[in-house]
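Q: First the structure, which I've put down as structure tokens, then a few questions once you've had a look.
The values are calculated or read from the model by the stated rules, or taken from the named source; none is laboratory data. This one's a predicted model, so the numbers in the text were calculated from it and none came from an experiment. Cβ: placed from backbone, ideal geometry, glycine included. Neighbour counts: every protein chain shown.
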Ligand code: 13P
Ligand code: SF4
């Protein structure tokens, strides 16, 4: 049975509890005030809109956001990201209120692994440990041995004995990339991210001809054909670090274009070109990430809705592999 808070949150997210915003309000100032008044922290992923990044207290990749969520003293965590990220914050902070500006902000990669099917997959590989990318539901986390992100996946895999059989889920592209990097033969779940799967190799190569001195920098969720022509491959924070430190002044960025905001702030004299997808769009926004808006962020802080609610048994089970990830990351200076 659905509890009252979940019902309220769902109604709020779907617009049934409609609230008009006074158009004369300065939302930036209002949000700042609410943060102070409610002892709230806004955590934002690099794929959020620029204005959300600008008002956030902390911007990061999936690992940094999970670490920040674990350490915060705030009473309310407002997660400007997608559902699995807010869920991770709740798993780590059962006593805090975790808000997500739009509860429908899901993730195609997370959706590609339904727990019931994954359970069967696990039974077929009984002697395997399960390493799961953080982009998955709490149900999948509860079925996993260790969680990883794109920033620590190699370290997590290498922490296991060379002959340990491993299932890697849910991203087959990241899994194939990691198999190559670590020399393992992990069994891969057949999932992918809708954003990173549709970059056009042909259009990227044409851009490379137009900008011959540019560096192609890609996220490992991309397909092998894209990764094979990339000058650098890394998580969002690693891509940002590379663009800060590399001497090149032109970069073709093959990931969700929200990251360009921080790249441009840090490097006002460098050119960042978002890689185009294989459709008629010029850039490749994540439709889930982009469901969050400044207006929804304001409303969610004012009304403290929608709230992320999680079954306690599921929370406890899904925390175990996250704790293992955080411990290994800390031991390795991440
Ligand atoms: P990272 O920021 O951890 O690299 O993750 C990318 C991503 O796809 C998040 O949804
Ligand atoms: Fe999910 Fe891909 Fe969007 Fe990240 S970019 S939230 S992996 S759909």
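Q: Wholly within region 115-185, which helices (runs of 4 or more DSSP H) include no fewer than the required count, namely at least 2 residues that are under 19 Å from residue 320 (Cβ atoms)? Lay out the reasoning, then the answer.
A: Working: elements: 115-124, 138-142, 153-158, 172-182.
Where helices (runs of 4 or more DSSP H) fall fully within region 115-185 and carry at least 2 residues being under 19 Å from residue 320 (Cβ atoms), they are 115-124, 138-142, 153-158.
Residue-by-condition table, conditions (1) within 16 Å of ligand 2 (Cβ to nearest atom); (2) in contact with a helix residue (DSSP H, G or I) (Cβ under 9 Å, 6 or more places away or on another chain):
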{"residue": "243", "(1), (2)": "no, yes"}
{"residue": "246", "(1), (2)": "no, no"}
{"residue": "256", "(1), (2)": "yes, yes"}
{"residue": "268", "(1), (2)": "no, no"}
{"residue": "283", "(1), (2)": "yes, yes"}
{"residue": "297", "(1), (2)": "no, yes"}
{"residue": "304", "(1), (2)": "no, no"}
{"residue": "311", "(1), (2)": "no, yes"}
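Q: Considering 62, 150, 112, which residue is within 16 Å of ligand 1 (Cβ to nearest atom) and either surrounded by fewer than 24 Cβ atoms within 10 Å (Cβ to Cβ) or more than 23 Å from residue 329 (Cα to Cα) (or both)?
A: Numbers: 62 fails: either surrounded by fewer than 24 Cβ atoms within 10 Å (Cβ to Cβ) or more than 23 Å from residue 329 (Cα to Cα) (or both); 150 fails: either surrounded by fewer than 24 Cβ atoms within 10 Å (Cβ to Cβ) or more than 23 Å from residue 329 (Cα to Cα) (or both).
Of 62, 150, 112, the one residue that is within 16 Å of ligand 1 (Cβ to nearest atom) and either surrounded by fewer than 24 Cβ atoms within 10 Å (Cβ to Cβ) or more than 23 Å from residue 329 (Cα to Cα) (or both) is 112.
Q: Only residues in region 104-130 that are under 26 Å from residue 306 (Cβ atoms) count as the first member; pair them with residues that are surrounded by fewer than 15 Cβ atoms within 10 Å (Cβ to Cβ) and modelled with pLDDT under 95, Cβ under 9 angstrom, at least 6 apart or cross-chain, and list the lot.
A: Hits for this filter: 104/14.
Q: Considering only region 1-15, state which residues are outside any helix (DSSP H, G or I) and closer than 17 Å to residue 99 by Cα. I'd like the intermediate steps shown before the answer.
A: So in region 1-15, the residues outside any helix (DSSP H, G or I) come out as 1-3, 14-15.
Hits for region 1-15 are 3, 14, 15.
Q: Kindly indicate the residue of region 40-59 that is more than 22 Å from residue 106 (Cβ to Cβ) and in contact with a strand residue (DSSP E or B) (Cβ under 7 Å, 6 or more places away or on another chain) and also farthest from ligand 1 (Cβ to nearest atom) among those meeting that condition.
A: For region 40-59, the residue satisfying everything is 40.
Q: Can we say residue 131 is away from ligand 2 (no atom under 16 Å from the Cβ) and more than 24 Å from residue 169 (Cβ to Cβ)?
A: Numbers: away from ligand 2 (no atom under 16 Å from the Cβ): yes; more than 24 Å from residue 169 (Cβ to Cβ): no.
Against the criterion (away from ligand 2 (no atom under 16 Å from the Cβ) and more than 24 Å from residue 169 (Cβ to Cβ)), residue 131 does not qualify.
Q: Being surrounded by 14 or more Cβ atoms within 10 Å (Cβ to Cβ) and more than 23 Å from residue 198 (Cα to Cα) is the filter; apply it to region 274-296 and report the residue that is farthest from ligand 1 (Cβ to nearest atom).
A: So, considering only residues that are surrounded by 14 or more Cβ atoms within 10 Å (Cβ to Cβ) and more than 23 Å from residue 198 (Cα to Cα), the one farthest from ligand 1 (Cβ to nearest atom) is 294.
Q: Among the listed residues 134, 91, identify the single one that is within 27 Å of residue 56 (Cα to Cα), more than 16 Å from ligand 1 (Cβ to nearest atom), surrounded by 18 or more Cβ atoms within 10 Å (Cβ to Cβ) and within 16 Å of the chain's Cα centre (by Cα). Spell out how you get there, then give the answer.
A: Details: 134 fails: more than 16 Å from ligand 1 (Cβ to nearest atom).
Matching residue, one of 134, 91: 91.
Q: Modelled with pLDDT of 95 or more and surrounded by 17 or more Cβ atoms within 10 Å (Cβ to Cβ): which single residue out of 201, 178, 271 fits that description? Working first, answer last.
A: Numbers: 201 fails: surrounded by 17 or more Cβ atoms within 10 Å (Cβ to Cβ); 271 fails: surrounded by 17 or more Cβ atoms within 10 Å (Cβ to Cβ).
When all the criteria are applied, what remains is 178.
Q: Can you tell me which of 331, 312 is farther than 28 Å from residue 153 by Cβ and at pLDDT 95 or above?
A: Numbers: 331 fails: farther than 28 Å from residue 153 by Cβ.
Within the list 331, 312, the selection yields 312.
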